[in-house]
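The values are calculated or read from the model by the stated rules, or taken from the named source; none is laboratory data. What you see is a predicted model; the values in this text were computed from it and never measured. Using ideal geometry, Cβ is built from the backbone for each residue, glycine included, and neighbour counts are taken over all protein chains shown.
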Amino acid sequence: MLQEETIRTRDGQQIGLSIFRPEGDPPDRVVLIGPGAGMEQSFYKPIALFLVSHGMAAVTFDYRGTGRSRNGRLRHFRATLKQWGTHDLDAVLLYVKKEFPRQELIMLGHCLSGEIAGIAPASENIDRMILVNSALSCWRLWPRSSQPKIMLMKMLAPVVSSLYGYYPGNTLHFMRDMPKGVVTEFSNWCNLPNGLFDLFPDNNYRKLSIPILAYSFADDWFSPVKAVSALLEHFKNARIRWLHLQPSEVGKSAIGHDGFFEPGNESLWQDMIDWIGKPEPAKGYFY
């Protein structure tokens, strides 16, 4: 069963979200799917339906300036990464906790959603977390082979955004359309020695004494091992299982940054389901 809702953040922004519920008895778990940068929630419908088929509820949403949370033209739409985390994600977490007060709340964060999860005050409501290609955005953590792309993004994205009034990622075939403030702030984070943690304390990250399952893939240039590790280190009290995989290890020729969520990766989704079902997840190790 699909239910579409619109909620408001503390600063009055409308956020569109979708709730997928299984038929029959109320679910024991709800999975909140946090989108990657510029991704719309419709992209995550296949995995949401897969979760529902395994008896869980699933919630998808759009950050301000994207999908159903975009009011009018994107040109000159005001939005920042800080607002995405401290307002949008926070509001959705509070809504999900209110809607499913007795269910285990699992956050499935893609890319940027996993990175900013801890700056949402309501992250304290998360019982488990699954991160997919989430890494600390900091130029020094990327290998030399990726440095040209990072430098191009840091220098070009703010300039193009100023000219267009937004970042035309779809036109440039490099990332996706996003509000100007989002890419400008992202570029600033990349310039800092410790990324967002030079601007925000990691108190909420350290408070999350929860099981975390992290996936990263060797063919995703945007989530190198050092950057993934640097982010995970801030979840100091979490019980972490980290899988850094070659696509061939799961029978694929390519997975990249977004492929985990595409139909055809049900074996990975099943691995995730199996981990969710374990009462005592693996504790405190990386591999």
>> As an exercise: evaluate Lys98 against (1) touching a residue at least 12 places away in the same chain (Cβ under 8 Å); (2) farther than 27 Å from Met178 by Cα; (3) over 17 Å from the mean Cα position of the chain (by Cα) and give the number of the one condition it does not meet.
In response: (1)
> Mind checking which pairs have a first residue in the stretch 155-168 that is of a type in the set (Phe, Trp, Tyr) and a second that is surrounded by fewer than 15 Cβ atoms within 10 Å (Cβ to Cβ) and at pLDDT 90 or above, Cβ under 8 Å, 6 or more apart or different chains?
Replying inline: Tyr164/Arg75; Tyr166/Arg75
>> Contact list please: Cβ distance under 6 Å, first residue in the stretch 53-67 and over 15 Å from Thr6 (Cβ atoms), second residue at pLDDT 95 or above and among the aromatic types (Phe, Trp, Tyr), pairs at least six apart or on different chains.
In response: Ala58/Phe20
>> Any residue at all in the stretch 212-227 that's more than 16 Å from the chain's Cα centre (by Cα), of a type in the set (Lys, Arg) and farther than 30 Å from Arg68 by Cα?
In response: yes
> So which residues in the stretch 161-183 are assigned to a helix (DSSP H, G or I) and either of a type outside the set (Val, Ile, Thr) or surrounded by fewer than 18 Cβ atoms within 10 Å (Cβ to Cβ) (or both), if there are any at all?
Replying inline: Ser161, Ser162, Leu163, Tyr164, Gly169, Asn170, Thr171, Leu172, Lys180, Gly181
> Hey, among the residues in the stretch 227-256 that are of a type in the set (Val, Ile, Thr) and in a helix (DSSP H, G or I), which one's modelled with the lowest pLDDT?
Replying inline: Val250
> Do you know which of the residues in the stretch 199-224 that are of a type in the set (Ser, Thr, Tyr) and part of a loop (DSSP other than H, G, I, E, B) is modelled with the highest pLDDT?
Replying inline: Ser209
> What number of residues in the stretch 201-244 are closer than 18 Å to Pro143 by Cβ and β-branched (Val, Ile, Thr)?
Replying inline: 2
> Here are some conditions: (1) touching a helix residue (DSSP H, G or I) at 6+ places or on another chain (Cβ under 6 Å); (2) surrounded by 21 or more Cβ atoms within 10 Å (Cβ to Cβ); (3) among the small types (Gly, Ala, Ser). Ala57 meets all but one. Which one does it not meet?
Replying inline: (1)
> Out of all the residues in the stretch 203-225, which are among the hydroxyl-bearing types (Ser, Thr, Tyr) and in contact with a His (Cβ under 9 Å, 6 or more places away or on another chain)?
Replying inline: Tyr205, Tyr215, Ser216, Ser223
